[in-house]
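J.: First, the structure itself, so that you have it in front of you.
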Amino acid sequence: MSKNENKEITFPSGFLWGAATSAHQVEGNNTNNHWWAWEQEGSRIHDGSVSGRACDQYNLYDKDFELAKELCHNVHRFSIEWSRIEPKEGKWSEKEIEHYRNVIQALLDRDITPMVTLHHFTNPIWLQDKGGWLNPESVDLFERYTRVVVENMGDLITFYNTINEPMMVAVMGYLLGIHPPCKNDLSEFFTAGKHLLMAHGKCYHTIHETTKDKGFNIKPQAGIVKQIPYFAPVDPGSEDDVQQAKLMDDTVNRWYLEGIHTGILAQPFGKGEEPEYLKDSWDFIGVNWYTRILATPITETQTEEQAKLTMNIPEEAETTDMGWEVYPEGFYYSLMSVKKYKKPVYVTENGIATLNDEQRCRYILRHLYQLHRVMEDGLDVKGYMYWSLIDNFEWAEGFAKRFGIIEVDFNTMERNPRPSAYLYRDIIKDNRITEQQFQKYL
């Protein structure tokens with residue numbers, strides 16, 4: 001952003017503002033899922049931790065939601081833990097169903113719109129024992145779980161995210177081997193991706209049909225949550241780099257989005273099948289965004305591990321504590337890439353891991369500037385959710401990476417809003433970013 005761009009910007013009336021969390025990262029003691037089991041093997045998490053009681057939000061959700069209300073949030077995205085609802089195959093926990101009804105009601109009581117995510121990275125152990133997303137049965141098993149959730153909570157839920165970052169589930173778990181089940185198999189990557197797409201399609205129709213069958217006085221909105229990294233060539237003048245960026249974008253981003261748009265399980269994940277339930281199975285698109293990835297073909301001299309982890313970050317680039325490049329312009333390009341689908345868009349995650357809260361303030365302002373820019377260019381964006389409401393267990397990184405606008409002391413479980421939380425509150429209250437706020441931080 002140049003200085004003459006730091007002018008006041010205003011967001012539309014009715015815009016949804018909030019933050020996001022996921023069950024395994026904040027609840028604690030999710031002992032029946034495959035992530036928990038994987039952690040217990042030891043030497044899995046980079047900072048040597050295990051999720052343990054995490055942020056104890058299972059017990060402290062009222063406290064966190066009260067903070068969200070004080071910070072003027074009007075939407076909150078969270079996930080329901082499948083392994084709590086169905087701890088054994090076909091066995092449903094009335095206790096946990098009641099728990100999540102209470103969680104949803106706690107948000108509604110504070111005039112915060114709940115946005116429910118049905119799958120956020122974790123599988124029940126029993127499903128993983130059956131092969132996880134490699135098993136064709138996973139599609140129908142996920143649909144069955146979805147039906148139970150809607151039957152028991154659908155009278156309270158307007159917004160459903162079916163699956164969080166399905167292609168990251170496939171990439172990290174089945175291609176790069178960084179997340180459980182730690183596979184490095186291209187064919188398994190394709191198989192998992194296909195089943196995750198099919199599961200979304202079936203889940204979408206189950207949400208609508210079950211809501212109607214139960215006679216709930218609510219019109220649900222259901223969509224996918226897709227992380228859309230911005231892939232660009234290391235050298236725009238290199239045809240090899242340009243083609244590599246396109247290949248990565250087609251594989252990680254376009255295939256899944258086009259699958260929902262066209263209803264076709266295209267190659268290389270499928271064989272051109274057209275399941276009747278897949279086409280246009282979305283009411284909105286949830287976009288998660290964090291960074292740009294600069295692409296160049298893997299060289300023969302790179303080890304497999306180097307090829308996995310390199311993001312080709314420019315030497316002068318600002319980075320986060322995750323080692324990711326801060327590149328707000330990529331947020332604009334990734335959002336604009338979904339304009340063709342003519343669906344409402346919610347930014348379901350966007351955030352930064354940093355111990356420097358002034359950097360977080362800058363990050364929020366710079367990305368909201370790009371969000372406003374994309375809306376001016378015609379994208380129908382309805383809401384924005386910062387990742388994350390509170391510091392949490394950041395998957396394979398552990399507790400060292402701090403994303404929250406609210407700091408958590410993991411010894412005492414005390415919560416303390418950071419200055420960025422109050423900056424964000426002021427933006428929400430006024431539904432705008434002032435010239436003074438831009439000048440202060442940028």
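Values in this text are rule-based calculations from the coordinates and carry no lab data. These figures come from a predicted structure and were not determined experimentally. Here the Cβ positions follow ideal geometry from the backbone for every residue, glycine too, while neighbour counts run over all protein chains shown.
J.: Would you mind ranking I313, I260, I390 by Cβ crowding within 10 Å, fewest neighbours first?
T.: The most exposed by this proxy come first: I313, I260, I390.
J.: Using the Karplus curve 6.51 cos²θ - 1.76 cosθ + 1.60 with θ = phi - 60°, work out ³J(HN,Hα) for each residue of the range 233-247 in order, rounded to whole Hz, and write x for Gly and Pro.
T.: Result, ordered by residue: x, 4, 10, x, x, 9, 4, 4, 5, 4, 5, 5, 4, 5, 4 Hz.
J.: Still on this structure, I have one more. Return the calculated 222 nm mean residue ellipticity for the chain, to the nearest 500 deg cm²/dmol, obtained by summing -39500 (n - 2.57) across DSSP H runs with n ≥ 4 and dividing by the residue count.
T.: Helix-only estimate at 222 nm: -11500 deg cm²/dmol.
J.: Can you figure out the FRET efficiency of K130 with K7, using R₀ = 56 Å and their beta-carbon distance, to the nearest 0.05?
T.: 0.50
J.: Right, something else. Just want the ordering: C72, C203, from fewest to most Cβ atoms lying within 10 Å of their own Cβ.
T.: With the fewest neighbours first, C72, C203 line up as C72, C203.
J.: Tell me, what is the FRET efficiency for K63 and E397 to the nearest 0.05, using R0 = 35 angstrom and their Cβ-Cβ distance as r?
T.: The value I calculate is 0.90.
J.: Of the options A192, T299, S138, report the single residue whose Cα projects farthest towards the positive end of the charge dipole of the chain (beta-carbon charges: Lys, Arg +1; Asp, Glu -1).
T.: Result: S138.
J.: Whose amide H sits under 5 Å from the amide H of I406, counting only residues 5 or more places off or on another chain, with H placed in the peptide plane?
T.: Counting only residues 5 or more places away or on other chains, the set is I390, D391, R418.
J.: Where does the chain land on Rg(C-alpha)/(2.2 N^0.38 Å)?
T.: 0.93
J.: Also: With r defined as the distance between the Cβ atoms of K340 and Y277 and R0 fixed at 25 Å, what FRET efficiency is calculated, to the nearest 0.05?
T.: Efficiency computed from Cβ-Cβ geometry: 0.70.
J.: Determine which lysines satisfy two conditions relative to K214: a Cα distance under 19 Å, and not lying fewer than 8 residues away in the same chain.
T.: Excluding near neighbours in sequence, the set is K202.
J.: Tell me which residues come under 5 Å, amide H to amide H, from V381 once H is placed; ignore anything under 5 positions away on its chain.
T.: Placed amide hydrogens put V345 under 5 Å from V381.
J.: Give me the number: length gained by fully extending F410 to N184, i.e. 0.36 nm times residue separation minus the C-alpha to C-alpha distance, one decimal in nm.
T.: 78.0 nm
J.: Follow-up. For the range 158-209 and the range 313-344, what is the centre-to-centre distance using only Cα atoms, to the nearest Å?
T.: Cα centres, the range 158-209 to the range 313-344: 22 Å.
J.: If you don't mind, there's one more thing I want to ask. Assign unit charges at the C-beta atoms only (+1 for Lys and Arg, -1 for Asp and Glu), then state the dipole size of the chain relative to its Cα centre in Debye, rounded to the nearest 20.
T.: The calculation lands at about 1080 debye.
J.: Sticking with this structure for a sec: With label points built 7 Å along Cα→Cβ from the Cα atoms of L247 and N29, find their separation and express it in nm.
T.: About 4.9 nm, to one decimal.
J.: I'd like the trypsin sites (Lys or Arg not before Pro) in the range 216-275 restricted to DSSP loop residues with at most 12 other Cβ atoms within 10 Å, sorted by number.
T.: K271
J.: First select every other residue whose beta carbon is under 13 angstrom from the beta carbon of Q105; then total the charges, Lys and Arg +1, Asp and Glu -1.
T.: -3
J.: Please turn the phi angles of the range 157-174 into ³J(HN,Hα) values with the Karplus equation 6.51 cos²θ - 1.76 cosθ + 1.60 (θ = phi - 60°), one per residue in order, whole Hz, x for glycine and proline.
T.: Coupling constants for the range 157-174: 10, 9, 10, 10, 9, 5, 10, 7, 6, x, 6, 6, 4, 6, 5, 6, x, 10 Hz.
J.: For the range 3-441, calculate the relative contact order in percent as a whole number, restricting contacts to Cα pairs under 8 Å that are 6 or more residues apart.
T.: 19 percent
J.: Using the structure shown, list the pairs from K91/K401; K194/K339; K63/K339; K7/K219; K271/K340 with a Cα-Cα distance above 29 Å, or answer none.
T.: Long pairs (Cα-Cα over 29 Å): K91/K401; K63/K339; K7/K219.
J.: What does DSSP give for the chain in terms of the percent of beta bridges that are antiparallel, rounded to the nearest 5?
T.: Taking every DSSP beta bridge within the chain, about 20 percent pair in antiparallel fashion.
J.: Are there trypsin sites (Lys or Arg not before Pro) in the range 319-368 that DSSP marks as loop and that have at most 11 other Cβ atoms within 10 Å, and which are they?
T.: Here the trypsin sites (Lys or Arg not before Pro) that fit, given the DSSP loop and packing criteria, are K342.
J.: Next question, about the same structure. To the nearest Å, what is the center-to-center distance of the range 240-275 and the range 79-100, using C-alpha atoms only?
T.: Taking the Cα centre of each part, the range 240-275 and the range 79-100 sit 34 Å apart.
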